[in-house]
1. Would you calculate the convex hull of the Cα atoms in the chain and tell me its volume per residue in Å³?
2. Report, ordered by chain and residue number, the lysines lying within cross-link reach of residue 29, taken as a straight Cα distance under 30 Å and ignoring same-chain residues fewer than 8 apart.
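Values in this text are rule-based calculations from the coordinates and carry no lab data. Just so it is clear, the structure is predicted and the values come from calculations on it, not from any experiment.
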Amino acid sequence: MTTVLWREGWLKPLSTESLPIDTCAICKKGFKNLDFITSCEFCLVGLSHQSCCNDHITKDHTEQLNNKINKHKEKRLHSYQ
Ligand SMILES: [Zn+2]
Ligand SMILES: [Zn+2]
C-alpha cells in the first residue's frame, strides 16, 4: 500500500518581516522570495521550508506519523477533495 500525505492547499502570503525568524529552523538557510514555508505539527521546531519540514516529519516523527496514518486508515479521500 502506498500512503501519501495530504496538505491543505491554500496559500497564505506572509512577509518575512512579520515572521519571528527569517531563516529555516531545519536547514538554517534564509527564506527566499516565494519559498513555501510551514511549521511542524508534531513539535515546536519553528518555521521551516516545506520540503525541509516534510523530510523532518518523515525522519524525526515516524512514530507519530504512523499513529496518524493508522488512525485515518478507514477514511477514504474522495477524488473530488
Ligand atoms: Zn530549510
Ligand atoms: Zn517536528
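1. Working: hull volume 9.4 nm³, N = 81.
It comes to 116 Å³ per residue, whole-number rounded.
2. Here the lysines satisfying the reach criterion relative to residue 29 are 12, 59, 68.
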